[in-house]
Every structure is written in structure tokens, then in C-alpha cells.
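First up is the structure itself, then whatever we jot down about it.
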Amino acid sequence: MCGRFAFYSPHEAVRALFGTVLPGPPRPRYNLAPTQAVPVLRAGADGGAEGVWLRWGLIPGWAKDPAIGNRLINARVETVAVKPAFRGAFRHRRCVVLADGFYEWQPRPGGKQPYFIAPAGGGLLAMAGLWEHWQAPDGATLETCTIITTAATGVPATVHDRMPLVVPPALLATWLAAAPATALAAITGARTAEFAAVPVSRAVNDPHHDGPELVRPVGPE
């Protein structure tokens with residue numbers, strides 16, 4: 001699964017890769033966690049991509065209790081087209097969640113060791129996702145998202161058996177707007193960047209901790 005990630009690239013990097021920016025001032029975050037606002041690109045009204053901040057943890061439109069979103073932070077690519085919680089969004093509301101890297105934990109005798117996994121050459125990741133809008137009984141609307149995961153390969157597989165499904169920048173428009181089967185086939189068949197994984201401090205285990213020290217390599221703890 002992908003349960004924690006970092007996003008600290010400047011707006012200029014987002015514009016250079018995707019032709020759009022996120023609203024508001026830059027918000028470098030090193031420990032984004034479920035239920036928090038995360039950076040998302042989705043199809044905009046003008047046909048291009050628009051940047052938004054959405055709550056992480058998808059709440060389907062039919063849900064009675066928004067707490068369901070706490071369990072829907074990830075969607076498995078193998079079942080995303082058929083699972084009731086995700087199939088509507090997969091057909092009509094695909095997005096990408098932006099990250100500089102993500103965290104996974106590897107079991108060790110003394111406790112789980114966190115690793116920061118990021119492109120080996122640096123740069124942004126566009127993690128495939130879905131978004132939804134949910135209307136509360138009082139009429140308020142909440143927009144949420146989830147990250148699609150796939151079987152881990154390469155370096156990430158040495159830490160965990162799952163990883164985010166990555167959308168290459170050149171395929172962003174295809175993922176956002178093409179027919180569902182076409183979009184999924186394009187990104188699952190695409191080659192993505194190589195990854196590097198480094199052990200980092202267990203301070204990342206606490207979502208209240210946030211700072212650049214969380215992504216710095218440390219000796220295994």
C-alpha cells in the first residue's frame with residue numbers, strides 16, 4: 001500500500017512537467033498522511049489539467065458515513081474497474097496525486113524500518129488516482145481522492161510488495177481523459193523511472209512530524 005508520501009517540489013517544477021500549477025503558495029510537505037489535503041491534478045473545464053488539493057481517502061458518492069474514506073486511501077489496480085467503491089470514479093474521475101517520493105516499511109527484528117522511495121534521478125512522481133465528490137446531509141460537498149497501487153517491481157519490491165501506479169508525464173492527458181480501458185492499458189504498459197530506496201528516521205511514523213530531515217538517509221534503526 002501507499003500510506004505516506006512527500007511533496008516538496010516548487011510550483012515551477014509542476015508547471016514544467018504538466019503545464020499547470022497548484023492553487024495557493026508552495027506547501028512543501030514531507031509527511032502527507034490520510035485525511036490530509038494532498039496535491040492532485042485532474043481534468044479541468046478547459047480540457048487541460050487543473051491543480052487542486054483534495055482530502056486523501058476516497059468517499060464514494062453513495063456513502064452514508066464519510067468515515068469510509070479512512071479505509072479507502074488506496075485502490076488496487078487489479079480490481080479498480082469493478083470494485084463498487086471505485087468503479088464509478090475509474091470511469092469518470094481519474095486524477096494523479098503528485099509526490100517527490102513515498103514511504104514504505106520493512107519488517108525488522110527491532111521493529112519496522114521506514115524507507116523513502118523516490119526516482120533515482122530525482123523529480124516528481126504522478127501517482128495514478130481517482131477522485132470523488134460527496135455531499136453531506138447539510139449540503140456541504142467534500143472532494144476526496146485515492147491512490148492506485150500495483151505489484152511492486154525493481155527497487156521498491158525489495159521493501160514492500162505494493163507500490164503506487166505511476167503515470168508518465170507524457171501520458172497524463174491519456175490517463176485523465178481517454179476511455180477507461182485505453183487509459184489503464186497505456187499506463188500499465190509504460191516504462192517508468194528507476195527508483196532508489198533509503199532508510200530514514202522512524203520519526204516519520206508520527207504524522208505530526210514534518211520536515212526535510214524525514215527524507216534524509218540514516219543508518220537502519
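The values are calculated or read from the model by the stated rules, or taken from the named source; none is laboratory data. Since the model is a prediction, treat every value here as computed from it, not as a measurement. Don't worry about glycine lacking a Cβ; one is built from the backbone with ideal geometry, like all the others, and counts go over all protein chains shown. Surface areas here come from the heavy atoms of the whole protein model, side chains and all, with no ligands, DNA or RNA. Shrake-Rupley method; radii C 1.70, N 1.55, O 1.52, S 1.80 Å.
What are the residues whose amide H is under 5 Å from the amide H of F7, where those residues sit 5 or more places off or on another chain and H is modelled from the backbone?
R29, Y30, N31, L32, D100
Kindly report, to the nearest 10 Å², the accessible surface of W53 as traced by a 1.4 Å probe over protein heavy atoms only.
50
Highest mean first, how do 39-45, 149-155 rank when packing is the count of other Cβ atoms within 10 Å averaged over residues?
39-45, 149-155
Using alpha carbons only, how many angstrom separate the centre of region 167-221 from the centre of region 14-49?
If you average the Cα positions of each part, the centres end up 14 Å apart.
So what's the back-of-envelope 222 nm ellipticity for the chain, counting only DSSP H runs of four-plus at -39500 (n - 2.57) apiece and dividing by all residues, rounded to 500?
Per the formula, -3500 deg cm²/dmol.
Residues of region 178-210 with backbone nitrogen within less than 20 Å of a virtual label 7 Å along the Cα-to-Cβ line of V155, please, listed as ranges.
190-202, 204
Would you work out what percent of the accessible area of region 165-215, with all protein chains in place, is carbon or sulfur (probe 1.4 Å)?
Solvent-exposed carbon and sulfur of region 165-215 make up 61 percent of the total.
Could you give the length gained by full extension between H209 and A81, i.e. 0.36 nm per residue of separation minus their alpha carbon distance, to one decimal place?
Using 0.36 nm per residue and subtracting the Cα-Cα distance, I get 42.5 nm.
Take each of the peptides 1-7, 78-84, 197-203, average the number of other beta-carbon atoms within 10 Å over its residues, and list them starting from the highest.
Packing proxy ranking, top to bottom: 1-7, 197-203, 78-84.
With an 8 Å cut-off on Cα pairs and a minimum separation of 6 or more residues, tell me the relative contact order of the chain in percent.
22
Stretched out fully, how many nm does the piece from R91 to W53 gain, at 0.36 nm a residue minus the Cα gap?
Going from the current span to full extension adds 11.6 nm.
Which part of region 71-88 falls in the paramagnetic zone of K112, meaning amide N under 16 Å from the point 7 Å along Cα-to-beta-carbon?
71-74
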